[in-house]
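Engineer: Pasting a structure here, questions to come.
The values are calculated or read from the model by the stated rules, or taken from the named source; none is laboratory data. Here the structure is a predicted model, which is why all the values come from computation and not from measurement. Every residue, glycine as well, gets a Cβ built from its backbone with ideal geometry; the counts of neighbours run over all protein chains shown. In case anyone asks, the SASA skips ligands and DNA or RNA and just uses the protein heavy atoms, side chains included. Shrake-Rupley method; radii C 1.70, N 1.55, O 1.52, S 1.80 Å.
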Amino acid sequence: MNILVCMSVVPDTTTKITFTENDTKFNTDGVQYIINPYDELSLTRALELTEKHGGNVTVIHVGEASTDPVIRKALAIGAAEAVRVNAHPEDGMFVAKQIAEYAKQGNFDMILMGRESIDYNGGQMAGLVAEMMGLPLINVVTELDSDGSSVTATRDIDGGKQQVKSSLPCVLSAQKDLCEPRIPNMRGIMQARTKPLNVIEAVDQSSGTSFDSYKLPPAKSGVKLIDAENAEELIDLLHNEKKLF
Amino acid sequence: MSIAVFVETDNGEYKKSSFEAVSRASEFAKASGSTCIAITVGSKGGENLGKYGANEHIHLSGDGLEMFHPQTYATAVFNAVESKGINTVFISQTYSGKSLAPLLAVKMNGALVTGVVDLPESNSDFTVTKTCFSNKAFAKVKVTSDKSVLTLIPNSFSISESGSDVNTEEMAANAGSANTEVLDTQKVTGKVVLTEAELVVSGGRGLKGPENWNMIEELADTLGAATACSKPVSDMEWRPHSEHVGQTGITIKPNLYIAVGISGAIQHLAGVGSSKVICVINTDPEAPFFKAADYGIVGDAFEVVPKLIKRAKEIKGLA
Ligand SMILES: Cc1cc2nc3c(=O)[nH]c(=O)nc-3n(C[C@H](O)[C@H](O)[C@H](O)COP(=O)(O)OP(=O)(O)OC[C@H]3O[C@@H](n4cnc5c(N)ncnc54)[C@H](O)[C@@H]3O)c2cc1C
Ligand SMILES: Nc1ncnc2c1ncn2[C@@H]1O[C@H](COP(=O)(O)O)[C@@H](O)[C@H]1O
């Protein structure tokens, strides 16, 4: 069973977000980059499945050369090889085209992604790639198993859960709870140095959107403190002044 | 050229977030010199969608459309898009909406923008605002393709009921059969769904253990709110992971977020910081959450929350 894991590289969750060049660019100064947390889950689950059924895990990332150390981390966790499509990822449709193009040439039984990337929060990639490749989609998966020819998954739906079955190949996106993410060990880190990280060029530059500028949320004007002794006042304020219920 | 809204039905009722989408899309359509078509698939809700500003209502039905499935629904909606010459489709960003939107965008060969919280007046300058960095920032995104699909975050647009009734046009859709099989579905009943809630009461590690969630649930039930929690609380399995809000959990944007015993770490704030009114209850006056709050009570949750419940019950006539 060969699995393609799509990985996005995102700022560490503690990053204080700021912008430069008149708020048109994300300020990468001093920012630490990490594997998108959901992608750690799909990578780990992919490794567990290939350990059970045989086969390899390939990681693909659409991004610039600066992301290579993070891709090496995925190799250290256990992926057999990695591919980087050398391009600046911004428009989701563009990224999906690159992934679909690569995946079509491979012989993958499953394509795993994260539910969303925590930087641009697109939450769209799994659907885009599935549709471009004409494959079944199972989104937001908290449990995933395979008998080698089909998969069964539990996914989050609005207000509940659902168990879904699909034939292979198919596209799935990982949600929290899928597994305990693995961390690289010393042996993995050593091996990662010699594993292939192939760089390929982008196939199609078209994009349907452009990111023009950014802004931060308006700052709160300051907290109004209510004495704990008269905590009931909070409910009165929310009811009478704010008319929230 | 026209603009459409996919209106989601749940249990025979239209979703409130779909009314938000129709209300806002119809204003946008009007200002763009266009019409707003509401599209429903499978079962229909009770209301006339003209009330929310739709100029037309298309109802798609056929085999495979009884229950939401991203592939069959995308095929069905695309039927309507083609036959009506629709350029832009608005979809409310629920789990279903988020699965449907990318499939439809690829079929339309258009652009896709998710996480939309603000729209321009018309499509003459089609620059929308979307959330990014898990609510820590917003991006202005220009839609450069003439075809597009936009998903709108619930509770970002207000509902307007000033429209008049429209007739429903029945359309048969040939959606084929679904490419995945649903084995079982479990829905939580009798509780407000967190992703769509207007009011949310949330608890953190300060509550000490799962046995103390009774008061969180009681306050939530009294207010008609959903319950949520911080990441460690769901990691320790005090609460289900579906309640975990934050950068690596669900991002929410309710009108009211009451945080009890939550410190307000940057990753937590990322998921809830867009809430319209934030109230924080914490024993530690230095807790970072107070900086992001509108109202704060420095105090012990075990003393404060029962007082809130008591007063809320009085107001609701439940005492
Ligand atoms: C990669 C990564 C991703 C993360 N993603 C998320 C995320 O999505 N969501 C998230 O929530 N966190 C996330 N975190 C964790 C985050 O950094 C914090 O650790 C977490 O939010 C803290 O949870 P808490 O506030 O419940 O607990 P604590 O930080 O332990 O805070 C408990 C608070 O309760 C107060 N308290 C104690 N007793 C009482 C009492 N009797 N009454 C009232 N108050 C009391 C304390 O003063 C304290 O402020 C992430 C961390 C990492 C590294
Ligand atoms: N630049 C990228 N390269 C490879 N995979 C990506 C990239 N961006 C996003 N993905 C994948 O798509 C998932 C969802 O991302 P998004 O749709 O951007 O929120 C991520 O968790 C990754 O698995």
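Engineer: How many of the residues in segment B:4-30 are surrounded by fewer than 19 Cβ atoms within 10 Å (Cβ to Cβ) and small (Gly, Ala, Ser)?
Structural biologist: Of the residues in that region, 1 qualify.
Engineer: Moving on to the next point. Name the pairs: first residue in segment A:113-131 and more than 8 Å from every other protein chain (Cβ to nearest Cβ), second residue charged (D, E, K, R), Cβ to Cβ under 6 Å, at least 6 apart or on different chains?
Structural biologist: Every condition considered, the pairs that remain are A:Gly114/A:Asp39.
Engineer: Next question. Do you know which residues across segment B:224-238 are within 13 Å of ligand 1 (Cβ to nearest atom), over 22 Å from B:Leu308 (Cα atoms) and not in a helix (DSSP H, G or I)?
Structural biologist: Residues satisfying the conditions are B:Met236, B:Trp238.
Engineer: Okay, moving on. Considering only segment A:1-29, how many residues are within 13 Å of chain B (Cβ to nearest Cβ) and at positive phi?
Structural biologist: 2
Engineer: Further question: Which of the numbered conditions does B:Ile262 fail, given that it passes all the others? Conditions: (1) within 13 Å of ligand 1 (Cβ to nearest atom); (2) part of a loop (DSSP other than H, G, I, E, B); (3) more than 28 Å from B:Ala319 (Cβ to Cβ).
Structural biologist: Failed condition: (3).
Engineer: Right, next: Report, by residue number, each residue of segment A:6-31 that is touching a helix residue (DSSP H, G or I) at 6+ places or on another chain (Cβ under 7 Å) and either within 15 Å of ligand 2 (Cβ to nearest atom) or under 24 Å from A:Asn86 (Cα atoms) (or both).
Structural biologist: Answer for segment A:6-31, where residues must be touching a helix residue (DSSP H, G or I) at 6+ places or on another chain (Cβ under 7 Å) and either within 15 Å of ligand 2 (Cβ to nearest atom) or under 24 Å from A:Asn86 (Cα atoms) (or both): A:Cys6, A:Met7, A:Ser8, A:Val9, A:Thr13.
Engineer: Also: Which members of segment A:96-118 meet the condition of being within 13 Å of the chain's Cα centre (by Cα) and open to solvent by 20 Å² or more (accessible area, probe 1.4 Å)?
Structural biologist: A:Arg115, A:Ser117
Engineer: Within segment B:287-303, is there a residue that is more than 9 Å from every other protein chain (Cβ to nearest Cβ), farther than 24 Å from B:His244 by Cβ, open to solvent by 50 Å² or more (accessible area, probe 1.4 Å) and out of contact with any Cys (no Cβ under 8 Å at 6 or more places or on another chain)?
Structural biologist: no
Engineer: Scanning segment B:249-281 for residues that are without any contact (Cβ under 8 Å) to a residue 60 or more places away in the chain and within 16 Å of ligand 2 (Cβ to nearest atom), which turns out surrounded by the most Cβ atoms within 10 Å (Cβ to Cβ)?
Structural biologist: B:Gly249
Engineer: Now for a different question. When B:His244 is evaluated against the numbered criteria (1) open to solvent by less than 30 Å² (accessible area, probe 1.4 Å); (2) at the interface with another protein chain (Cβ under 10 Å from one of its Cβ atoms); (3) under 15 Å from the mean Cα position of the chain (by Cα), which criterion, by number, is the only one it fails?
Structural biologist: So the condition that B:His244 fails would be (3).
Engineer: Let me ask something additional. Go through segment B:159-223 and tell me which strands (runs of 3 or more DSSP E), entirely inside it, have 3 or more residues that are among the polar types (S, T, N, Q).
Structural biologist: B:180-187
Engineer: Within segment A:1-38, track down each residue that is in a loop (DSSP other than H, G, I, E, B) and among the charged types (D, E, K, R).
Structural biologist: A:Asp12, A:Lys16, A:Glu21, A:Asp23, A:Asp29, listed by residue number.
Engineer: I'd like the full set of residues that are of a type outside the set (A, V, I, L, M), crowded, with 19+ Cβ neighbours inside 10 Å and within 16 Å of ligand 1 (Cβ to nearest atom), limited to segment A:12-40.
Structural biologist: Those that are of a type outside the set (A, V, I, L, M), crowded, with 19+ Cβ neighbours inside 10 Å and within 16 Å of ligand 1 (Cβ to nearest atom): A:Thr13, A:Thr15, A:Asn36, A:Pro37, A:Tyr38, A:Asp39, A:Glu40.
Engineer: Let me ask something else about it. Hey, can you tell me all the residues within segment A:35-65 that are near ligand 2 (Cβ under 9 Å from one of its atoms) and either among the charged types (D, E, K, R) or closer than 22 Å to A:Val203 by Cβ (or both)?
Structural biologist: A:Asp39, A:Val59, A:Ile60, A:His61, A:Val62, A:Gly63
Engineer: Taking interchain pairs and intrachain pairs at least six residues apart, which have beta carbon atoms under 9 angstrom, with the first residue in segment B:108-135 and over 20 Å from B:Lys98 (Cα atoms) and in a loop (DSSP other than H, G, I, E, B) and the second aromatic (Phe, Trp, Tyr) and open to solvent by 10 Å² or more (accessible area, probe 1.4 Å)?
Structural biologist: These pairs meet every condition: B:Pro120/B:Phe126.
Engineer: Checking B:Lys147 against (1) modelled with pLDDT under 95; (2) in contact with a helix residue (DSSP H, G or I) (Cβ under 6 Å, 6 or more places away or on another chain); (3) at the interface with chain A (Cβ under 10 Å from one of its Cβ atoms), which single condition isn't satisfied?
Structural biologist: All conditions are met except number (1).
Engineer: When the residues of segment A:65-75 are filtered to those that are open to solvent by less than 30 Å² (accessible area, probe 1.4 Å) and of a type outside the set (Gly, Ala, Ser), which remaining residue is farthest from ligand 1 (Cβ to nearest atom)?
Structural biologist: Ranking the candidates gives A:Leu75 first.
Residues are listed down the side, and each one gets a yes or a no for (1) under 24 Å from A:Pro184 (Cβ atoms); (2) touching a helix residue (DSSP H, G or I) at 6+ places or on another chain (Cβ under 9 Å); (3) within 16 Å of ligand 1 (Cβ to nearest atom); (4) within 14 Å of another protein chain (Cβ to nearest Cβ):
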residue	(1), (2), (3), (4)
A:Gly54	yes, no, no, no
A:Gly63	yes, yes, no, no
A:Ile77	yes, yes, yes, no
A:Val83	yes, yes, no, no
A:Glu90	no, no, no, yes
A:Lys97	no, yes, no, yes
A:Gln105	no, no, no, no
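Engineer: Shifting gears a bit: Which residue, of B:Thr40, B:Thr75, B:Thr35, is of a type in the set (Val, Ile, Thr), open to solvent by 10 Å² or more (accessible area, probe 1.4 Å) and under 26 Å from B:Ser162 (Cβ atoms)?
Structural biologist: When all the criteria are applied, what remains is B:Thr35.
Engineer: Please name all residue pairs, on different chains or six or more residues apart, with Cβ atoms under 8 Å, provided the first residue is in segment B:174-185 and is within 12 Å of chain A (Cβ to nearest Cβ) and the second residue is open to solvent by 50 Å² or more (accessible area, probe 1.4 Å) and hydrophobic (A, V, I, L, M, F, W, C).
Structural biologist: B:Val182/B:Met67
Every residue, every condition in (1) more than 7 Å from every other protein chain (Cβ to nearest Cβ); (2) open to solvent by 70 Å² or more (accessible area, probe 1.4 Å), yes or no:
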{"position": "A:Arg193", "(1), (2)": "yes, yes"}
{"position": "A:Ala202", "(1), (2)": "yes, no"}
{"position": "A:Ser210", "(1), (2)": "no, no"}
{"position": "A:Ser213", "(1), (2)": "no, no"}
{"position": "A:Val223", "(1), (2)": "no, no"}
{"position": "A:Asp227", "(1), (2)": "yes, yes"}
{"position": "A:Glu233", "(1), (2)": "yes, yes"}
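Engineer: Right, another one. Take B:Phe90 and decide whether it is closer than 30 Å to A:Val164 by Cα, surrounded by 24 or more Cβ atoms within 10 Å (Cβ to Cβ) and of a type in the set (Phe, Trp, Tyr).
Structural biologist: Taking the combined requirement at face value, the residue satisfies it.
Engineer: Sticking with this structure for a sec: Does B:Glu196 fit the bill of being open to solvent by 50 Å² or more (accessible area, probe 1.4 Å), among the acidic types (Asp, Glu) and free of Cβ contacts under 8 Å to residues at least 60 places away in the same chain?
Structural biologist: no
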